[in-house]
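Notes for the one structure printed next.
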Amino acid sequence: MVKILLIEDEPKTVQSLKQGLEENNYAVEVTYDGLMGYQLATRNTYQLIISDIIIPGLNGLELCRKLRKEGVQTPILMLTALSTTDDKIEGFDAGADDYLAKPFDFKEFLARVKALIKRSNQTMIEAQVLKFADLELDLSSKIVSRSGQKINLTAKEFQLMEYFLRNQEKVISKAEIAENIWEVEDENSSNLIEVYVNYLRKKVDKGFSSKLIHTQFGMGYILRQE
(Lines give C-alpha, C1' and ligand atoms only; values in the text may rest on other atoms or scores of the structure.)
Protein backbone atom coordinates (compact mmCIF):
# COMPACT_ATOMS: atom_id res chain seq x y z
CA MET A 1 0.00 0.00 0.00
CA VAL A 2 1.21 3.52 -0.82
CA LYS A 3 2.33 5.35 2.33
CA ILE A 4 1.76 9.09 2.69
CA LEU A 5 3.04 11.43 5.42
CA LEU A 6 0.59 14.25 6.18
CA ILE A 7 1.95 17.23 8.15
CA GLU A 8 -0.90 19.57 9.09
CA ASP A 9 -1.95 21.29 12.34
CA GLU A 10 -5.62 22.02 11.54
CA PRO A 11 -7.65 19.11 13.01
CA LYS A 12 -10.58 19.47 10.61
CA THR A 13 -8.25 19.51 7.59
CA VAL A 14 -6.37 16.49 8.92
CA GLN A 15 -9.58 14.55 9.48
CA SER A 16 -10.95 15.38 6.03
CA LEU A 17 -7.77 14.62 4.08
CA LYS A 18 -6.90 11.49 6.06
CA GLN A 19 -10.37 10.05 5.63
CA GLY A 20 -10.46 10.87 1.92
CA LEU A 21 -7.02 9.40 1.26
CA GLU A 22 -7.75 6.23 3.21
CA GLU A 23 -10.99 5.77 1.29
CA ASN A 24 -8.81 5.77 -1.83
CA ASN A 25 -6.58 3.02 -0.38
CA TYR A 26 -3.66 5.14 0.81
CA ALA A 27 -1.99 4.54 4.17
CA VAL A 28 -1.69 7.90 5.96
CA GLU A 29 0.60 8.79 8.86
CA VAL A 30 -0.18 12.15 10.49
CA THR A 31 1.88 14.61 12.49
CA TYR A 32 0.95 18.16 13.51
CA ASP A 33 4.53 19.44 13.89
CA GLY A 34 7.26 20.23 11.36
CA LEU A 35 10.09 18.92 13.53
CA MET A 36 8.34 15.59 14.02
CA GLY A 37 7.57 15.57 10.30
CA TYR A 38 11.28 15.96 9.59
CA GLN A 39 12.15 13.07 11.89
CA LEU A 40 9.52 10.79 10.35
CA ALA A 41 10.49 11.70 6.77
CA THR A 42 14.18 10.98 7.36
CA ARG A 43 13.61 7.74 9.29
CA ASN A 44 10.82 6.15 7.23
CA THR A 45 9.98 5.59 3.57
CA TYR A 46 6.96 7.34 2.08
CA GLN A 47 5.77 7.66 -1.50
CA LEU A 48 4.52 11.21 -0.86
CA ILE A 49 4.83 13.96 1.78
CA ILE A 50 1.98 16.45 2.12
CA SER A 51 2.75 19.50 4.26
CA ASP A 52 1.09 22.77 5.13
CA ILE A 53 3.48 25.73 5.17
CA ILE A 54 2.35 27.32 8.43
CA ILE A 55 2.92 24.58 11.01
CA PRO A 56 4.53 24.55 14.49
CA GLY A 57 8.15 23.67 15.16
CA LEU A 58 9.48 23.95 11.63
CA ASN A 59 7.45 25.58 8.88
CA GLY A 60 6.80 23.76 5.63
CA LEU A 61 9.40 25.68 3.61
CA GLU A 62 12.15 25.09 6.19
CA LEU A 63 11.13 21.44 6.40
CA CYS A 64 11.32 21.06 2.64
CA ARG A 65 14.76 22.68 2.44
CA LYS A 66 16.12 20.46 5.23
CA LEU A 67 14.77 17.29 3.63
CA ARG A 68 16.27 18.13 0.24
CA LYS A 69 19.59 19.00 1.90
CA GLU A 70 19.50 15.58 3.57
CA GLY A 71 18.99 13.95 0.18
CA VAL A 72 15.35 12.98 0.72
CA GLN A 73 13.82 12.90 -2.78
CA THR A 74 10.26 11.92 -1.80
CA PRO A 75 7.74 14.10 -3.71
CA ILE A 76 6.39 16.95 -1.58
CA LEU A 77 2.99 18.59 -2.03
CA MET A 78 2.69 21.96 -0.28
CA LEU A 79 -0.65 23.16 1.07
CA THR A 80 -1.06 26.85 1.87
CA ALA A 81 -3.38 29.83 1.90
CA LEU A 82 -0.65 31.85 0.11
CA SER A 83 -1.16 31.67 -3.64
CA THR A 84 0.66 34.51 -5.42
CA THR A 85 3.28 33.74 -8.06
CA ASP A 86 6.05 34.77 -5.65
CA ASP A 87 4.66 32.45 -2.98
CA LYS A 88 4.62 29.56 -5.43
CA ILE A 89 8.17 30.28 -6.58
CA GLU A 90 9.34 30.32 -2.97
CA GLY A 91 7.72 26.92 -2.41
CA PHE A 92 9.22 25.39 -5.53
CA ASP A 93 12.64 26.88 -4.77
CA ALA A 94 12.50 25.23 -1.36
CA GLY A 95 12.22 21.89 -3.15
CA ALA A 96 8.47 21.28 -3.32
CA ASP A 97 7.15 19.29 -6.29
CA ASP A 98 3.66 20.79 -6.31
CA TYR A 99 1.75 23.58 -4.60
CA LEU A 100 -1.98 23.68 -3.83
CA ALA A 101 -3.64 26.81 -2.47
CA LYS A 102 -6.40 26.62 0.14
CA PRO A 103 -9.31 26.30 -0.06
CA PHE A 104 -9.27 23.48 -2.61
CA ASP A 105 -11.62 20.82 -3.89
CA PHE A 106 -10.77 17.30 -2.69
CA LYS A 107 -11.03 15.96 -6.24
CA GLU A 108 -8.28 18.35 -7.36
CA PHE A 109 -6.21 17.46 -4.29
CA LEU A 110 -6.57 13.73 -5.04
CA ALA A 111 -5.61 14.29 -8.69
CA ARG A 112 -2.41 16.06 -7.59
CA VAL A 113 -1.63 13.22 -5.16
CA LYS A 114 -2.10 10.58 -7.86
CA ALA A 115 -0.01 12.52 -10.38
CA LEU A 116 2.91 12.96 -7.98
CA ILE A 117 2.90 9.30 -6.95
CA LYS A 118 2.62 8.16 -10.57
CA ARG A 119 5.50 10.43 -11.63
CA SER A 120 7.60 9.15 -8.74
CA ASN A 121 6.93 5.52 -9.67
CA GLN A 122 7.67 6.12 -13.35
CA THR A 123 10.95 7.84 -12.50
CA MET A 124 12.06 4.79 -10.55
CA ILE A 125 11.57 2.36 -13.44
CA GLU A 126 12.59 4.49 -16.42
CA ALA A 127 16.06 5.15 -17.84
CA GLN A 128 18.35 6.67 -15.25
CA VAL A 129 20.29 9.12 -17.43
CA LEU A 130 18.84 11.50 -20.04
CA LYS A 131 21.23 13.16 -22.49
CA PHE A 132 21.17 15.90 -25.11
CA ALA A 133 24.29 17.40 -26.70
CA ASP A 134 26.73 17.87 -23.77
CA LEU A 135 23.92 18.01 -21.17
CA GLU A 136 23.23 15.05 -18.87
CA LEU A 137 20.52 14.53 -16.27
CA ASP A 138 20.86 11.59 -13.88
CA LEU A 139 17.45 10.58 -12.51
CA SER A 140 18.95 8.40 -9.81
CA SER A 141 21.44 10.83 -8.26
CA LYS A 142 19.43 13.94 -9.29
CA ILE A 143 22.64 15.41 -10.74
CA VAL A 144 22.60 17.62 -13.84
CA SER A 145 25.83 18.45 -15.66
CA ARG A 146 26.97 20.10 -18.86
CA SER A 147 30.39 19.37 -20.36
CA GLY A 148 31.21 17.69 -17.06
CA GLN A 149 30.32 20.80 -15.05
CA LYS A 150 27.72 20.16 -12.33
CA ILE A 151 24.62 22.38 -12.42
CA ASN A 152 22.62 22.86 -9.22
CA LEU A 153 18.87 22.88 -9.85
CA THR A 154 15.92 23.14 -7.50
CA ALA A 155 13.36 20.31 -7.54
CA LYS A 156 10.99 22.19 -9.87
CA GLU A 157 13.83 23.27 -12.20
CA PHE A 158 14.94 19.63 -12.32
CA GLN A 159 11.43 18.50 -13.31
CA LEU A 160 11.24 21.15 -16.03
CA MET A 161 14.67 20.21 -17.37
CA GLU A 162 13.66 16.55 -17.37
CA TYR A 163 10.53 17.40 -19.37
CA PHE A 164 12.59 19.32 -21.94
CA LEU A 165 14.97 16.36 -22.25
CA ARG A 166 12.11 13.91 -22.73
CA ASN A 167 10.76 16.15 -25.50
CA GLN A 168 14.03 17.32 -27.09
CA GLU A 169 13.80 19.05 -30.48
CA LYS A 170 10.02 19.30 -30.09
CA VAL A 171 8.15 22.58 -29.60
CA ILE A 172 6.49 22.51 -26.17
CA SER A 173 3.67 24.95 -25.45
CA LYS A 174 3.19 26.69 -22.11
CA ALA A 175 -0.10 24.82 -21.77
CA GLU A 176 1.75 21.50 -22.02
CA ILE A 177 4.29 22.59 -19.42
CA ALA A 178 1.53 23.79 -17.07
CA GLU A 179 -0.35 20.51 -17.38
CA ASN A 180 2.66 18.18 -17.11
CA ILE A 181 4.88 20.01 -14.60
CA TRP A 182 2.32 21.87 -12.50
CA GLU A 183 -0.68 19.58 -13.26
CA VAL A 184 -2.92 22.55 -13.94
CA GLU A 185 -4.68 24.07 -16.92
CA ASP A 186 -4.43 27.68 -15.89
CA GLU A 187 -3.65 30.70 -18.06
CA ASN A 188 -2.27 32.44 -14.96
CA SER A 189 0.58 29.89 -14.82
CA SER A 190 2.18 31.50 -17.91
CA ASN A 191 4.17 34.00 -15.83
CA LEU A 192 5.40 31.25 -13.51
CA ILE A 193 6.58 29.16 -16.48
CA GLU A 194 8.46 32.12 -17.99
CA VAL A 195 10.21 32.67 -14.64
CA TYR A 196 11.36 29.05 -14.44
CA VAL A 197 12.47 28.84 -18.07
CA ASN A 198 14.62 31.91 -17.42
CA TYR A 199 16.04 30.25 -14.30
CA LEU A 200 17.02 27.23 -16.39
CA ARG A 201 18.59 29.34 -19.12
CA LYS A 202 20.79 31.14 -16.60
CA LYS A 203 22.00 27.84 -15.18
CA VAL A 204 22.12 25.62 -18.27
CA ASP A 205 23.05 28.01 -21.09
CA LYS A 206 24.93 30.91 -19.48
CA GLY A 207 28.66 30.62 -20.09
CA PHE A 208 28.31 28.09 -22.92
CA SER A 209 28.77 29.02 -26.57
CA SER A 210 25.99 26.69 -27.68
CA LYS A 211 22.51 27.53 -26.39
CA LEU A 212 20.02 24.71 -25.79
CA ILE A 213 16.77 26.27 -24.54
CA HIS A 214 15.05 28.41 -27.16
CA THR A 215 11.80 30.35 -27.44
CA GLN A 216 9.57 29.52 -30.40
CA PHE A 217 7.68 32.82 -30.51
CA GLY A 218 3.92 32.42 -30.29
CA MET A 219 4.27 28.66 -29.81
CA GLY A 220 6.36 27.83 -26.75
CA TYR A 221 9.87 26.48 -26.14
CA ILE A 222 12.19 23.95 -27.73
CA LEU A 223 15.36 22.15 -26.66
CA ARG A 224 17.78 22.17 -29.57
CA GLN A 225 21.45 22.84 -30.17
CA GLU A 226 22.47 26.07 -31.91
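The values are calculated or read from the model by the stated rules, or taken from the named source; none is laboratory data. Computed from a prediction, not measured in an experiment: that's the story for all the values here. Please note: Cβ atoms are built from the backbone with ideal geometry, for glycine as well, and neighbour counts cover all protein chains shown. Quick note on the areas: whole protein, heavy atoms, side chains included, nothing else; ligands and nucleic acids left out. Shrake-Rupley method; radii C 1.70, N 1.55, O 1.52, S 1.80 Å.
Data for the structure
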quantity	calculated
Contact order normalised by residue count of the chain, Cα under 8 Å, 6+ apart, percent	13
Choice from GLU108, GLU157, GLU23 with maximal GNM fluctuation in the chain (Cα, 10 Å cutoff)	GLU23
Computed E for GLU179/ARG201 - FRET, C-beta separation, R0 30 angstrom, nearest 0.05	0.90
Carbon and sulfur %, accessible surface of segment 18-126 computed with the full protein complex present, 1.4 Å	49
Calculated SAXS-style log₁₀ I(q)/I(0) at q = 0.19, 0.33 Å⁻¹ - segment 74-118, Debye, Cα scatterers	-0.56, -1.20
Spacing of the two label points (7 Å from each Cα toward its C-beta) at ASN152 and ASP86, in nm	2.4
Cα-centre dipole for segment 58-102 with unit charges at Cβ (Lys and Arg positive, Asp and Glu negative), debye to 20	140
Cα centre as origin, Lys/Arg/Asp/Glu Cβ charges: the chain dipole, Debye	780
Segment GLU22-THR215, extension gain: residue separation times 0.36 nm, minus the distance between their alpha carbons	65.1 nm
Net length gained if the chain between GLU226 and LYS142 were fully extended (0.36 nm per residue, minus Cα distance)	27.7 nm
Solvent-accessible heavy-atom area per residue, rounded to whole Å², over segment 1-82 at 1.4 Å	49
Note, ³J(HN,Hα) from phi for segment 56-69, Karplus 6.51, -1.76, 1.60, rounded to Hz, x at Gly and Pro	x, x, 8, 5, x, 5, 4, 4, 4, 4, 5, 5, 5, 5
Between helix 155-166 and the chain: long-axis angle, C-alpha atoms, 0 to 90°, nearest 10	50
Antiparallel bridges, percent of DSSP beta bridges restricted to the chain (to nearest 5)	50
Under 24 Å from the Cα of LYS202 - lysines, other chains or at least 8 residues apart	LYS69, LYS88, LYS131, LYS142, LYS150, LYS156, LYS170, LYS174, LYS211
Calculated [θ] (222 nm, deg cm²/dmol) that DSSP helices of n ≥ 4 give over the chain, each run adding -39,500 (n - 2.57)	-13500 deg cm²/dmol
Segment 150-226 - charge dipole about Cα centre, Lys and Arg +1 at Cβ, Asp and Glu -1, debye rounded to 20	560
Reciprocal mean inverse distance between Cα atoms of segment 1-158 - Kirkwood radius, Å	16.3
Segment 149-202: C-alpha pair distances exceeding 16 Å, %	38
